[in-house]
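Reading through the structure tokens given below for one structure.
The values are calculated or read from the model by the stated rules, or taken from the named source; none is laboratory data. In this text, all values refer to a predicted model and were calculated from it rather than measured experimentally. All Cβ positions, glycine included, derive from the backbone under ideal geometry; neighbour counts span all protein chains shown. These area figures cover heavy atoms from the full protein model, side chains too; ligands, DNA and RNA do not enter into them. Shrake-Rupley method; radii C 1.70, N 1.55, O 1.52, S 1.80 Å.
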Amino acid sequence: MADQAFPTGTLMAGKRGLIMGVANKNSIAWAIAQQLAAQGAELAFTYQGEKLLRRVKPLAESVGSDTLLDCDVTNDDQMDATFAALESKWGKLDFLVHAIAFAGKDQLAGSFIDQTTREGFKSALDISAYSFVDAGRRAAAIMNDDGAMITLTYLGSERVIPNYNVMGVAKAALEACTRYMAADLGPRGIRVNAISAGPIKTLAAAGIGSGRHMFRFNKAASAMQDNTDSKGVAGAALYLLSDLGLSCTGETHHVDGGFHAIGMPQEGPLRESLAE
Ligand code: NAP
């Protein structure tokens, strides 16, 4: 059974989809998976290697899924095998959740201009942006014509966030890819959107230097004066992947407590957070 904290219903009844990017129970993709399952979706998951399988399998089983596919997005054979397995199991797909990003730790601290190497740039853009295009093309080939896809992005694409560096550039590319994919697939009725989530404590977030400062600052400076709850991200995913999201495509939707909307934060909470 899915976590009852996620609103139950039938919005995703009869829909089947692939979730890419669950590493553990803190992953944003796991919150999304639970919300979709609570609304009746049937799910398949990818994982990377045996170590991750041990963590992802019990989570998948808890939402009634027995479809776990080993898939490193840089490995074309594994990508081919993943979508071939889905086609042979289900025939058609209704949705895709892409929640994958990577940049070397050496790229995510210090000055962007000094730290960013050619190899670091290529691998961040390949894994964090191109993989959505690649997975999206393969998913679209077996997707029903009212299907939908989402990816996860962050405000570091639009504004400079300390230490986010090349990942900000990759997220800018990912958001542009979302718009181009939306245009290509729109005539078929397939919608493609991005959710720009505020900072959430996950494995990926732990890789960004100055993480503690980022959480404190976001809490103090956001409109809601709180950090982002992954349940809000999961709710937005449900909207964008279900028929509730009809006519919404090519969008980057912020779920960050309104942090992106603030030009100048309130003085009091900010002063307190900087003093901590
Ligand atoms: P997470 O739990 O660490 O998830 C990241 C996932 O990406 C992991 O499952 C990871 O698998 C996978 N991945 C990395 N390289 C891969 C590859 N080559 N092939 C296949 N999978 C690969 O962290 P998360 O925060 O939930 O991240 C999910 C998405 O949300 C990312 O795109 C991230 O940038 C975005 N996001 C996060 C935040 C935040 O504050 N946490 C905010 C906005 C957006 P491995 O563990 O096996 O590498």
With every protein chain kept in the model, how would you rank 264, 12, 214 by accessible area, 1.4 Å probe, largest at the top? 264, 214, 12
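Could you tally the net charge around residue 50, taking each other residue with its Cβ under 14 Å from the Cβ of residue 50, Lys/Arg +1 and Asp/Glu -1?
Numbers: positive: 51, 54, 55, 57; negative: 70, 72.
Spelling it out: positives minus negatives among the neighbours equals +2.
Give the shape of segment 86-142 as rounded, prolate or oblate, defined through the alpha-carbon gyration tensor: a ≥ b ≥ c are the square roots of its eigenvalues, a/c under 1.5 means rounded, and otherwise the shape is prolate if a/b is larger than b/c and oblate if not. Please list the in-between numbers first.
Values: a/c = 4.46, a/b = 3.52, b/c = 1.27.
Cα axes put segment 86-142 in the prolate bin.
Which shape class applies to the chain: rounded if a/c is under 1.5, otherwise prolate when a/b exceeds b/c and oblate if not, where a ≥ b ≥ c are the square roots of the Cα gyration tensor eigenvalues? All intermediate terms of the calculation are to be shown ahead of the outcome.
On the way: a/c = 1.62, a/b = 1.39, b/c = 1.16.
Verdict is prolate for the chain.
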Report residue 260's accessible area, 1.4 Å probe, all protein chains in place, as a number in Å² to the nearest 10. 70
At 1.4 Å probe size, with every protein chain present, just tell me what the per residue accessible area of the chain comes to in Å². 46
Specify the angular offset, from 0 to 90 degrees and rounded to the nearest 10, of the alpha carbon long axis of helix 76-90 from the longest principal axis of the alpha carbons in the chain. 50
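Quick one: putting +1 on the C-beta of Lys and Arg, -1 on the C-beta of Asp and Glu, what dipole do you get for the chain around its Cα centre, in Debye to the nearest 20? Could you put the intermediate results ahead of the total?
On the way: 25 positive and 30 negative charges, 71 e Å.
My answer is approximately 340 debye.
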Roll a 1.4 Å probe over the protein heavy atoms and report the accessible area of residue 100 in Å², nearest 10. 30
Given H placed 1.01 Å from N in the peptide plane, which residues other than close sequence neighbours of residue 102 have an amide H under 5 Å from its amide H? 128
Highest mean packing first, using Cβ neighbours within 10 angstrom, the peptides 13-21, 218-226 sort as 13-21, 218-226
Using amide H atoms built in the peptide plane, which far-off residues or other-chain residues are under 5 Å from residue 93 H to H? 143, 144
Net lengthening on full extension, residue 89/residue 184 (0.36 nm per residue, minus Cα-Cα): 31.6 nm
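Given a 1.4 Å probe and heavy atoms of the protein chains only, how would you sort 67, 249, largest accessible area at the top? It would help to have the intermediate numbers written out before the result.
Working: 67 15, 249 60 Å².
The most accessible residue leads, giving 249, 67.
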